[in-house]
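J.: Before I ask anything, here is the structure I am working with.
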Amino acid sequence: MQTFSIPKTIKKDARYTFCPGCDHGVAIRLVAETLEELGLQGKTIAVASSGCSVFLYNFLDVDCVESPHGRACAVATGIKRVNKATGKDNFVFTYQGDGDFASIGLGESMHSALRGENITAICINNTNYGMTGGQMGPTSIMG
């Protein structure tokens, strides 16, 4: 069984479910270490969408919301705005694959940035649609 280490204060006990060689484990560990270093565990809301990125909630002990494919930035924007209206100041971030962030959700990603939404968007770029067999994606290199 493949394992990866996540800081104990933010880790959930979960079996590693990603494919061998997948970089999601490394990326999730970096996210966990950063949240812990900044002291954000108790005030974080993560938004993960369809694809392998959705398994984020299996590994991090933070509030997680699942969004439709390509809509993570839009969902995160809604969460951040509702939190602000109710006086909360949660750290809200998305955890998305490149197919979700740069293809199906390109409009949401771009417009969230253009509006200056106070969210953090993390795009895991593996250059293909990994969950559905590795088809070329928006960040695939031709040839």
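Readers should treat all values here as calculations from the given coordinates under stated rules, not as data from a laboratory. Here the structure is a predicted model, which is why all the values come from computation and not from measurement. FYI the Cβ positions are ideal-geometry reconstructions off the backbone, even for glycines, and counts take in every protein chain you see.
J.: Take each of the peptides 17-28, 42-53, average the number of other beta-carbon atoms within 10 Å over its residues, and list them starting from the highest.
T.: Numbers: 17-28: 14.4, 42-53: 21.7.
The peptides rank, most packed first, as 42-53, 17-28.
J.: If you don't mind, another one. State the number of lysine pairs found in the chain whose Cα atoms come within less than 25 Å, restricting to pairs 8 or more positions apart or on distinct chains.
T.: 11
J.: A further question follows. Give the residue list of trypsin sites (Lys or Arg not before Pro) in the range 44-143 that are DSSP loop and have at most 13 other beta-carbon atoms within 10 angstrom.
T.: Passing sites in the range 44-143 are K88.
J.: Based on Cβ point charges of +1 for Lys and Arg and -1 for Asp and Glu, what charge dipole magnitude is obtained for the chain about its Cα centre, in debye rounded to the nearest 20?
T.: Here the chain has a charge dipole of around 280 debye.
J.: Given the -39500 (n - 2.57) contribution per DSSP H run of 4+ residues, what per-residue ellipticity at 222 nm results for the chain, rounded to the nearest 500 deg cm²/dmol? The partial results should precede the final answer.
T.: Values: 3 runs with 38 residues, N = 143.
It lands at -8500 deg cm²/dmol.
J.: Can you bin the range 8-54 into rounded, prolate or oblate? Criterion: square roots of the alpha carbon gyration tensor eigenvalues sorted a ≥ b ≥ c, rounded for a/c under 1.5, prolate for a/b above b/c, oblate for the rest.
T.: It comes out prolate by the Cα gyration axes.
J.: If you don't mind, there's one more thing I want to ask. Out of all DSSP beta bridges in the chain, what portion is antiparallel? Express it as a percent rounded to 5.
T.: The antiparallel fraction comes to roughly 15 percent.
J.: While we're on this one: Largest first, please: the extent of the C-alpha atoms of the range 94-143 along each principal axis, to the nearest Å.
T.: Cα extents, longest axis first: 35, 18, 13 Å.
J.: I'd like the Karplus ³J(HN,Hα) series for the range 103-114: coefficients 6.51, -1.76, 1.60, θ = phi - 60°, whole numbers in Hz, and an x wherever there's a Gly or Pro.
T.: For the range 103-114, the Karplus-derived couplings read 10, 4, x, 4, x, 5, 4, 5, 6, 4, 5, 5 Hz, x marking Gly and Pro.
J.: Can you give the convex hull volume per residue for the Cα atoms of the range 46-143, as a whole number of Å³? Could the numbers behind the result be given before it?
T.: Details: hull volume 8.5 nm³, N = 98.
Taking the convex hull of the Cα positions in the range 46-143, it is 87 Å³ per residue.
J.: Now for a separate question. Rounded, prolate or oblate: pick one for the range 74-116, where a ≥ b ≥ c are the square roots of the eigenvalues of its C-alpha gyration tensor, a/c under 1.5 means rounded, and failing that, prolate if a/b is larger than b/c, else oblate.
T.: prolate
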